[in-house]
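Down below is the structure, laid out as structure tokens.
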Amino acid sequence: MTQPAAGVPRHVVVGVDFGTLSGRAVVVDVADGAVRGEAVHAYRHGVITERLPDGTPLPPDWALQHPDDHREVLRVAVPAALRAAGVRAEDVRGIGVDATSCTMLPTRADGTPLCELPELAGRPHAYPKLWRHHAAQRQAARINDVAAARGETWLPRYGGRVSAEWQLAKALEVLEEDPAVFDRAERFIEAADWLVWQLCGRETRNVSAAGFKGLRQDGRYPSAEFLRAVHPRLDGLLPRIDGPLAPLGARAGGLTAEAARWTGLPVGTAVAVGSIDAHVTAAAARAVEPGRMLAVLGTSTCLIMNAAAYHEVPGVCGVVDGGVTTGSWGYEAGQSGVGDIFAWYVRTGLPADYADEARRRGLSPYELLDALAAEQPVGGHGLLALDWHSGNRSVLMDHELSGVLVGLTLATRPEEIWRALLEATAFGARTVVDAFTAAGVAVDELTVAGGLTRNRLLLRIYADVIGRPLHVVDSAHPAALGAAIHAAVAAGAYPDVPAASAAMGAARRETWHPDPARAAAYGELYADYRALHDHFGRGGTDVLHRLRARRHRTHRP
């Protein structure tokens, strides 16, 4: 096991993970990564999808957050985790943070979010746009068309299409729909970088988000000429995103007096450069070596890995030099909806008698559905679903697609639909793995982390569908652990992230091996999934786009 640098005391570090609905703080031993204390704090505003806090209505496909919910995690969860750990504040060597991405804030030059200015509190575009804000698909399509027509050399590094979730599409949406807010924004910044700014009083930009979400390649962002070709004023974005860049694991600065009061940590405590939640999880999963793919299973799924060389992968979210770990090419792909799909079905599709039965048995609705679905033979429900309820991130990069369920009969049971949805997300993950291998990027090992790894039926299905052993990370809060590992590097306890990952990363809880008979049966279903996938997503029909367009016309406030 790698040990801390000579002369460095074995103290603790803090990692804070800012997710979609809550923030999680952990206090971690620098020597071995043991979690000494933890705390979770739910965002007061949650995800803002229908109305702003003042009642202003929002159109479909919007997803915003409130920045003070993130500050409140620092004020509440970090002190609570310290109390749970029973450690002294002066024993903390550093703090690291990660956040969902691309979650982008428009701010003033001093970091003040525009939505916190009284005169802009009722303007939707003044708020942070969460990663799952998908209303900028029209802007993304124009960016892709112009980039392809001009032969922009960075486009193949994003699988040939830029996502509506990324920074440029969201900024263009602000410029087109509320130019006054665009003009007031002196910075557009990722949530993780903004949080680091709040902690140490110094603006930094992490190379991961700049590359994967900001389209920064080979030392530069898309050119002013390209941006003007998209929109005459879009080149005004460049000075608002071009902040000081820093590599992952670097020290961004020291904790300010105000942030020290929030967190209960000493002034000057080392603050690590911010990071993307799924990417920092690679360190927690000990998955930073080339060929080790990590799937972070949560509200959405991110599939990331390092490789020694660059390959073009159609439909990949991005390929960035040093984007996951310094010294390797980082690859990201993903699925826009996974846990969100399961939550939607339980919230809207579960009959009352099933909810009553779950209560009678002392189970959650999820546990009841799993129990009823577990013994179904592969294909026994006669159903097939497409996991596009939140659009498709990889490999189609189209957020105007929507979910599909075929094979329904009058005899179809809720637990059969449930299993079909679980399987659909597994088929979507296999599509990504197949895209990597077809492009020459070897996937030697597959590890999974995140909240959905508690679902044993889901893990069994994933192993059988993908046809590979599935290694499960033994960590309740792997992203927060990854942020803590980065904090240990920033504090000087380890020379780099791979060394800290080897010492502090979580062990494997278990490994799921595919069952040959089930895997063969899923191979037949997967072929049918790909037929539906290509028909609805690659030009066989545009009915899903027409349905989405009608919805937008009838629901826009």
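The values are calculated or read from the model by the stated rules, or taken from the named source; none is laboratory data. This one's a predicted model, so the numbers in the text were calculated from it and none came from an experiment. When we count neighbours, we look across all protein chains shown, and the Cβ atoms used for this are built from the backbone with ideal geometry, even at glycine. Surface areas here come from the heavy atoms of the whole protein model, side chains and all, with no ligands, DNA or RNA. Shrake-Rupley method; radii C 1.70, N 1.55, O 1.52, S 1.80 Å.
For region 176-220, which positions are free of Cβ contacts under 8 Å to residues at least 24 places away in the same chain and open to solvent by less than 30 Å² (accessible area, probe 1.4 Å)? None - no residue of region 176-220 is free of Cβ contacts under 8 Å to residues at least 24 places away in the same chain and open to solvent by less than 30 Å² (accessible area, probe 1.4 Å), so the list stays empty.
Residues are listed down the side, and each one gets a yes or a no for (1) within 23 Å of the chain's Cα centre (by Cα); (2) surrounded by 17 or more Cβ atoms within 10 Å (Cβ to Cβ):
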site: 452; (1), (2): yes, yes
site: 459; (1), (2): yes, yes
site: 488; (1), (2): yes, yes
site: 491; (1), (2): no, yes
site: 526; (1), (2): no, yes
site: 553; (1), (2): no, no
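In region 20-37, the qualifying residues are those that are over 17 Å from residue 131 (Cβ atoms) and β-branched (Val, Ile, Thr), and the one that is most open to solvent (accessible area, probe 1.4 Å) is 35.
Name the residue that is most open to solvent (accessible area, probe 1.4 Å), counting only residues in region 336-377 that are closer than 16 Å to residue 420 by Cβ and not in a helix (DSSP H, G or I). Step by step, filter region 336-377, then rank; the result is 375. Taken over region 395-436, residues that are within 30 Å of residue 143 (Cβ to Cβ) and not in a helix (DSSP H, G or I) amount to 10. Return the residue satisfying two criteria in turn: it lies in region 286-315 and is in a loop (DSSP other than H, G, I, E, B), in contact with a helix residue (DSSP H, G or I) (Cβ under 7 Å, 6 or more places away or on another chain) and open to solvent by less than 10 Å² (accessible area, probe 1.4 Å), and of such residues it is modelled with the lowest pLDDT. Filtering region 286-315 for residues that are in a loop (DSSP other than H, G, I, E, B), in contact with a helix residue (DSSP H, G or I) (Cβ under 7 Å, 6 or more places away or on another chain) and open to solvent by less than 10 Å² (accessible area, probe 1.4 Å), the one modelled with the lowest pLDDT comes out as 315. For residue 136, the criteria (1) at negative phi; (2) open to solvent by 40 Å² or more (accessible area, probe 1.4 Å) hold in every case but one, which is (2). For residue 266, the requirement of being part of a loop (DSSP other than H, G, I, E, B) and over 24 Å from the mean Cα position of the chain (by Cα) is met. Restricting attention to region 260-311, the residues that are out of contact with any Asp or Glu (no Cβ under 7 Å at 6 or more places or on another chain), in contact (Cβ under 8 Å) with a residue 12 or more places away in the chain and basic (Lys, Arg) add up to 1. Screening 408, 401 for residues that are at pLDDT 95 or above and surrounded by 20 or more Cβ atoms within 10 Å (Cβ to Cβ) leaves exactly one candidate, 401. Looking across region 73-84, the residues that are open to solvent by 10 Å² or more (accessible area, probe 1.4 Å) and either over 21 Å from residue 116 (Cβ atoms) or touching a residue at least 40 places away in the same chain (Cβ under 8 Å) (or both) come down to 75, 79, 80, 82, 83, 84.
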